[in-house]
Amino acid sequence: MQIKISAKHGHLSEGMQEFIQEKAQKLLHYFQRLMMIEVVVDQREEEFVVEFLVSAEHKHDFVASERHKDMYAAVDLVLDKLERQVRRYKEKIQDHRRTPSTGEVAGAPPAAETGEQ
């Protein structure tokens with residue numbers, strides 16, 4: 001997984017970049033199929049705008065942004081949003097595979113029993 005960190009209207013210290021990388025790595029605990037995470041930190045006047053663009057397999061993207069006066073707090077808030085999105089997506093995929101098809105729910109016999117091929 002790649003992590004790209006960029007800053008607009010300012011500079012991020014090594015410590016800030018390491019903090020963001022460590023936090024971004026935690027998203028892999030929720031969903032292993034993440035391909036790339038792009039982080040854009042924009043410093044506007046007295047607040048930070050942190051935006052995460054997360055690309056997963058099968059062309060599914062997650063986007064979240066947050067603004068706060070403290071950059072560390074903004075990163076934590078945006079990651080909370082992303083964790084919810086990723087969890088919801090993963091549950092949706094897993095539930096989709098476990099639920100029976102519409103025909104089975106309605107009581108229709110499977111295609112093998114009707115002689116269709």
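The values are calculated or read from the model by the stated rules, or taken from the named source; none is laboratory data. Here the structure is a predicted model, which means the values were calculated and not measured. No Cβ is skipped: glycine too gets one built from the backbone with ideal geometry, and neighbour counts run over all protein chains shown. Surface accessibility is based on the protein's heavy atoms, side chains included, excluding ligands, DNA and RNA. Shrake-Rupley method; radii C 1.70, N 1.55, O 1.52, S 1.80 Å.
Residues in segment 48-64 that are touching a helix residue (DSSP H, G or I) at 6+ places or on another chain (Cβ under 8 Å) and either open to solvent by 20 Å² or more (accessible area, probe 1.4 Å) or not aliphatic (A, V, I, L, M) (or both): F48, V49, E51, F52, H60, F62. Number of residues in segment 1-31 that are touching a residue at least 60 places away in the same chain (Cβ under 8 Å) and assigned to a strand (DSSP E or B): the value is 0. Kindly check whether there is at least one residue in segment 17-33 that is over 16 Å from the mean Cα position of the chain (by Cα), open to solvent by less than 30 Å² (accessible area, probe 1.4 Å) and aliphatic (A, V, I, L, M). No, segment 17-33 contains no residue that is over 16 Å from the mean Cα position of the chain (by Cα), open to solvent by less than 30 Å² (accessible area, probe 1.4 Å) and aliphatic (A, V, I, L, M). The residue pairs whose first member lies in segment 56-80 and is of a type in the set (D, E), whose second member is in a helix (DSSP H, G or I), and whose beta carbons are closer than 6 Å, counting only pairs six or more residues apart or on different chains, are E66/A74; E66/L77; E66/V78.
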